[in-house]
Number of protein chains: 2
Amino acid sequence: MPFDPTKMKDWQIAEEAEKTMPTPEEWIDKLGLEKDELIPYGRTPRIDFIKVMNRLKDRPDGKYIEVTAITPTPLGEGKTTTTMGIMEGLGKRGQNVGGAIRQPSGGPTMNIKGTAAGGGNALLIPMTEFSLGLTGDINDITNAHNLAMVALNARMQHEANYDDEQLAQRGLRRLDIDPKNVEMGWVIDFAAQGLRNIIIGLGGKKDGFLMQSKFGITVSSELMAILAVAKDLADLRERLKHIVVAYDRKGNPITTADLEVDGAMCAWMRNTINPTLCCTVEHQPCFVHAGPFANIAIGQSSIIADRLGLKLFDYHVTESGFAADIGFEKFWNVKCRLSGLKPNVSILVATVRALKMHGGGPTVVPGRPIPEEYTKENLALLEKGCENLVHMINVVKKSGIKPVVCINSFYTDTPAEQALVKRVAEQAGARAAVSEHWLKGGEGALELADAVMDACKEEVDFKYLYPLEMPLRQRVELIAKEVYGADGVDWAPLAEEKAKKFESDPKYADYATMMVKTHLSLSHEPTWKGVPKNWRLPIRDILVYGGAKFLCPMAGAISLMPGTSSDPAFRRIDVDVNTGKVMGLF
Amino acid sequence: MPFDPTKMKDWQIAEEAEKTMPTPEEWIDKLGLEKDELIPYGRTPRIDFIKVMNRLKDRPDGKYIEVTAITPTPLGEGKTTTTMGIMEGLGKRGQNVGGAIRQPSGGPTMNIKGTAAGGGNALLIPMTEFSLGLTGDINDITNAHNLAMVALNARMQHEANYDDEQLAQRGLRRLDIDPKNVEMGWVIDFAAQGLRNIIIGLGGKKDGFLMQSKFGITVSSELMAILAVAKDLADLRERLKHIVVAYDRKGNPITTADLEVDGAMCAWMRNTINPTLCCTVEHQPCFVHAGPFANIAIGQSSIIADRLGLKLFDYHVTESGFAADIGFEKFWNVKCRLSGLKPNVSILVATVRALKMHGGGPTVVPGRPIPEEYTKENLALLEKGCENLVHMINVVKKSGIKPVVCINSFYTDTPAEQALVKRVAEQAGARAAVSEHWLKGGEGALELADAVMDACKEEVDFKYLYPLEMPLRQRVELIAKEVYGADGVDWAPLAEEKAKKFESDPKYADYATMMVKTHLSLSHEPTWKGVPKNWRLPIRDILVYGGAKFLCPMAGAISLMPGTSSDPAFRRIDVDVNTGKVMGLF
């Protein structure tokens, strides 16, 4: 320790580190758990959320550290690597530290690449389990979600085949579901573009109800969105009642509770409230829990995992999705509001190379040599690109948090370049630290760890961007201007009409505002790097999730079902039949 | 112990027995395992098949006990109850005993009833885990199976969008899949009749390939059939290559290996080779492994679980699907031939009430009082019905096994009735024992246990019904006459044409013959009880499974996707949010 990541691949580092990974007994000891609070499960045990929270309900929470980033570029900024790195750095300083990240989806894993959280010496293990479904939460959600669709389509068939009296004999009332107004689709956790638009129920009277339907990827399910924001099992159970599956012919919503399937859905999801325990290659504990989309959901690991981590660790690190304009904004105004938890500090991750791209550096084409703007010192380009960093610092500061900028070191960075970023960050009112966790693990993250511990000594006057009383359109206007830097919002007629309805109906008063926007730019236009000026945010529609209680104003298109490419990752994956070891994932 | 099943419901007995269920440490000790051979997993650990088999490869196998039954009736014969009962009885006699049964499917569990294996004091625990997916094998199979379909439909899309040169750039050759000749469908483990016949790939050029498709229930998947007959991981991996997903436009098969998805499928299934450990309410170990259909597959737990059980236990009990004409026939001629294992004895389960129905007793209508033929002594009806029992005894004897008839006692049975069945069984050359395991657990199964131990002292001259060299049509003729009692076989033209092809192609020489026939009668006609006379078996088609290596002659219709009724079980299932306990499953 540390390993040499210039000579070893990530999976080789993982394999070495997994040899000495704590056993269940060692975790019980290390985390101060009662024996029955750890639910063993191969190399990735779960923690019994209900039992631990009951026992520790009066214990003060640890420090709450969020990790966010500048606008991502194809060069990568290393947000998850830094999440692992800060845990390792605090670990090296002798602190009781842990964290929480999202679970990856089988779709991208089988299509684009295998998967890994972090890299080098700042890596999550065990990698195979992490990549292939862990303890089955995504499967549980798939089953619970699809059971609702089974209930819906079967009910439509039975209502078509039976009269009211025959339905009453079965204890059923006619729901009169409008087949042209079904909201919910089915889910599968792969990139199955062929299932995006389908027709089901072909055949005879007992072969279901003939209708148009669709499949989304499981991680885009409303159930996954709910798992990420539920405070506990009671909250999860309550939200599962109100999922709108369709509307009746009068336009009234038909919910999972109307289908009498909500209890059984919760039964399939009963184990998902217990976060799965993984760790860094230096063996700091890290929960992997929930994997919601970052557009129609919070895009970060769960409230449950953070509540648990704050009870068990003196420092609990949690990663947000995408960049600070989306990930931090949702952490700040949605996740923290729902949990009631108050963060102590945010780490804002940046790299010299990514900032140069924001400054106008040339496009990087896969397979071609990287332009020398990125490999040689170029202070002018870097300084220009720091605008994006300063913008993000200012976004975080609006919450009352003074962020720590992590300059995630790369071997082509020059001392002058790193010094420039540091100076800009400090001038903008942030702490800043250069970190070499990829190369050196915790030893490389000591400066960052010290800055974070220092920041955690300060009181934070944490305040939301908008009060819950603020009407929807005003909230969106505020987010667009204060967070994205837009001049204002343009509402499409459909979106405005819906917004007015939601604003006037008290039913939606406690619904969270869940922005849908590209993460590749502060604006809605993915190609606009840096800090776009003189633009207005177009909102074309608003999605509603009745169980999750989200209103999602859409400033961009979203696909809930990605596609499998012509050269998918599954081609290279196999198993060693003598050992059961999976090969080719990474 | 025992509990009073006349006062306690099954789930209450289970809950009590689960309080003292062995811990992982206790199982390690009890089964003589090395510590790393038990993979902890909540209350249902897995056993590491590869490690145990490597360590114990030279240990002699224990005694191999199969449990089968007379033709089932709506009154039930209690096959699984007896499987649990004999384990408990042998346990009470101080023997090192264990067993293996199938895993139930989520489809029936959510539709018809919750689920339970056995009942009363002869019950498998833990019940909730058993009912709701255990360690996720069915989910793993769902994922592996559907990944093949993702690969197929995406490949068809890419071949439609790209020319040969563009395909070659991606390392692909044109498979030229015939969209009108796709064999494989998708799977989901619920009773989703609306997905039986579907159209997928609607939309644009990147929305998949437009084609007709279908969903089956996961437990009917060829992958489940393969898991049940694979000898080890290498065998599983090999079979996963040869699954025929479709045919090209020239009629050549396209396999999972052609799609380069077989390795990744195996990666998703890598953990399924490790059987899950449950136990009886008296804590005898029982593996739950694989849950294949009993028509297109062997319908019984796996070869892997039996291999493992025979190494770990002095007596290993395994249950076959359906009645002896189907379950035992497949155990005898397929499962044992593939495994190379030789059974010591079969237990043939019968009840007085079910035999009376075979003797011509009146139909039983749910919700109406049971006719008094079943509640009062009626030796004439019983004697007539014993024909079915005698037929099944003779079937088992053809394998060289002398069966033990288990008269599964019911409180309405009279001593004269039980004595009659016993006498008939003994006259037919079987051992016989009355057993009260439902009421009394192992204490009630001592007579049965003694008869089984006695039988296990005898040498068995085990012989298959037909040699592998025998052509397909002759095999079917033999099964129809010798096992079902038919006068002969009538081949539909399509079936005969296919049979000739398979007989002449050496590729199919080692394919197993997997009969598809109703289990509700010895014949193909479900309403014919007892021992039907003067009938011929019609074979209308033959299904082929290239990975499992099965040829399935069809003497009946099969549905690979059941339907959800108008009063499904999921309506009554819920979760206690304070404890996470599932309610309403049983």
When (1) open to solvent by less than 10 Å² (accessible area, probe 1.4 Å); (2) more than 32 Å from the chain's Cα centre (by Cα) are applied to A:Gln169, the one that fails is (1)
Among A:Ile50, A:Ile28, the single one that is without any contact (Cβ under 8 Å) to a residue 12 or more places away in the chain, touching a helix residue (DSSP H, G or I) at 6+ places or on another chain (Cβ under 8 Å) and open to solvent by 10 Å² or more (accessible area, probe 1.4 Å) is A:Ile28
Taking A:Met8 as the residue in question, decide whether it is touching a residue at least 12 places away in the same chain (Cβ under 8 Å), under 17 Å from A:Thr128 (Cβ atoms) and either open to solvent by less than 10 Å² (accessible area, probe 1.4 Å) or more than 14 Å from chain B (Cβ to nearest Cβ) (or both).
no
Filter region B:546-570 for residues that are open to solvent by 40 Å² or more (accessible area, probe 1.4 Å) and of a type in the set (Ser, Thr, Tyr); the one that is farthest from the other protein chains (Cβ to nearest Cβ) is B:Ser559
- Check on B:Thr81, at pLDDT 95 or above, more than 28 Å from B:Phe570 (Cα to Cα) and not in a loop (DSSP other than H, G, I, E, B): no
Note to self: If I filter region A:218-232 for residues that are within 8 Å of another protein chain (Cβ to nearest Cβ) and open to solvent by 30 Å² or more (accessible area, probe 1.4 Å), do I get at least one hit?
What the structure shows: yes
Only one of A:Leu355, A:Leu381 is in contact with a Cys (Cβ under 7 Å, 6 or more places away or on another chain) and either under 30 Å from A:Leu465 (Cα atoms) or in a helix (DSSP H, G or I) (or both), namely A:Leu355
State whether one or more residues within region B:329-348 are outside the structural domain of B:Asp232 (by TED's automatic domain parsing), among the acidic types (Asp, Glu) and more than 22 Å from B:Thr518 (Cα to Cα). no
Selection from region A:172-210 of residues under 30 Å from A:Phe570 (Cα atoms) and of a type in the set (S, T, N, Q) yields A:Gln193, A:Asn197
For A:Leu585, the lone unmet condition from (1) in contact (Cβ under 8 Å) with a residue 12 or more places away in the chain; (2) farther than 30 Å from A:Lys19 by Cβ; (3) in a loop (DSSP other than H, G, I, E, B) is (2)
Residue hits (region A:533-543; surrounded by fewer than 20 Cβ atoms within 10 Å (Cβ to Cβ), assigned to a strand (DSSP E or B) and over 19 Å from the mean Cα position of the chain (by Cα)) are A:Arg536, A:Pro538, A:Asp541
B:Lys205 fails exactly one of (1) open to solvent by 10 Å² or more (accessible area, probe 1.4 Å); (2) touching a Leu at 6+ places or on another chain (Cβ under 8 Å); (3) closer than 21 Å to A:Ala191 by Cα, namely (2)
For region B:193-210, indicate whether the set of residues that are touching a helix residue (DSSP H, G or I) at 6+ places or on another chain (Cβ under 6 Å), free of Cβ contacts under 8 Å to residues at least 60 places away in the same chain, at the interface with chain A (Cβ under 7 Å from one of its Cβ atoms) and among the β-branched types (Val, Ile, Thr) is non-empty.
yes
Residues of region A:503-532 being buried (at least 20 other Cβ atoms within 10 Å of the Cβ) and not in a loop (DSSP other than H, G, I, E, B), in sequence order, are A:Ala512, A:Thr513, A:Val516
Selection from region A:233-248 of residues within 14 Å of chain B (Cβ to nearest Cβ) and either charged (D, E, K, R) or in contact with a Phe, Trp or Tyr (Cβ under 9 Å, 6 or more places away or on another chain) (or both) yields A:Leu233, A:Asp235, A:Arg237, A:Glu238, A:Arg239, A:Lys241
When region A:11-64 is checked residue by residue, the ones that are in a helix (DSSP H, G or I), touching a Gly at 6+ places or on another chain (Cβ under 8 Å) and either within 13 Å of chain B (Cβ to nearest Cβ) or polar (S, T, N, Q) (or both) are A:Ile50
Within region A:378-408, the count of residues that are surrounded by fewer than 22 Cβ atoms within 10 Å (Cβ to Cβ) and closer than 22 Å to A:Leu446 by Cβ comes to 1
inquiry  = Criterion first (outside the structural domain of A:Ala290 (by TED's automatic domain parsing) and either within 26 Å of the chain's Cα centre (by Cα) or open to solvent by 50 Å² or more (accessible area, probe 1.4 Å) (or both)) does A:Asp574 satisfy it?
reply    = no
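Residue by residue, here is whether (1) closer than 30 Å to A:Thr73 by Cα; (2) touching a Pro at 6+ places or on another chain (Cβ under 8 Å) holds:
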residue: A:Ile226; (1), (2): yes, no
residue: A:Leu233; (1), (2): no, no
residue: A:Arg270; (1), (2): no, no
residue: A:Ile304; (1), (2): no, yes
When region A:36-47 is checked residue by residue, the ones that are farther than 23 Å from A:Gly580 by Cα and under 22 Å from the mean Cα position of the chain (by Cα) are A:Ile47
Filtering strands (runs of 3 or more DSSP E) wholly in region B:399-493 for at least 3 residues that are touching a helix residue (DSSP H, G or I) at 6+ places or on another chain (Cβ under 8 Å) and among the β-branched types (Val, Ile, Thr) gives B:404-408
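Each row is one residue, and each column tells you yes or no for (1) open to solvent by 20 Å² or more (accessible area, probe 1.4 Å); (2) over 30 Å from A:His524 (Cα atoms).
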| residue | (1), (2) |
| --- | --- |
| A:Asp61 | yes, yes |
| A:Thr83 | no, no |
| A:Leu90 | no, yes |
| A:Pro104 | yes, no |
| A:Pro126 | no, yes |
| A:Phe130 | no, yes |
All conditions in (1) open to solvent by less than 10 Å² (accessible area, probe 1.4 Å); (2) modelled with pLDDT under 95 are true of B:Phe190 except (2)
When (1) assigned to a helix (DSSP H, G or I); (2) in contact (Cβ under 8 Å) with a residue 24 or more places away in the chain are applied to A:Ala116, the one that fails is (1)
Flagged pairs (Cβ under 8 angstrom, 6 or more apart or on separate chains; first in region A:214-228, closer than 12 Å to A:Asn295 by Cα; second of a type in the set (Gly, Ala, Ser) and open to solvent by 10 Å² or more (accessible area, probe 1.4 Å)) are A:Val219/A:Ser105
Residue check, A:Ala144 more than 7 Å from every other protein chain (Cβ to nearest Cβ) and open to solvent by 20 Å² or more (accessible area, probe 1.4 Å):
no
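The values are calculated or read from the model by the stated rules, or taken from the named source; none is laboratory data. Being a predicted model, the structure only gives us computed values, none of them experimental. Cβ coordinates were reconstructed from backbone atoms using ideal geometry, including for glycine residues, and neighbour counts include every protein chain displayed. Ligands, DNA and RNA are stripped out before the accessible areas are found, and what is left, the full protein with its side chains, is counted by its heavy atoms. Shrake-Rupley method; radii C 1.70, N 1.55, O 1.52, S 1.80 Å.
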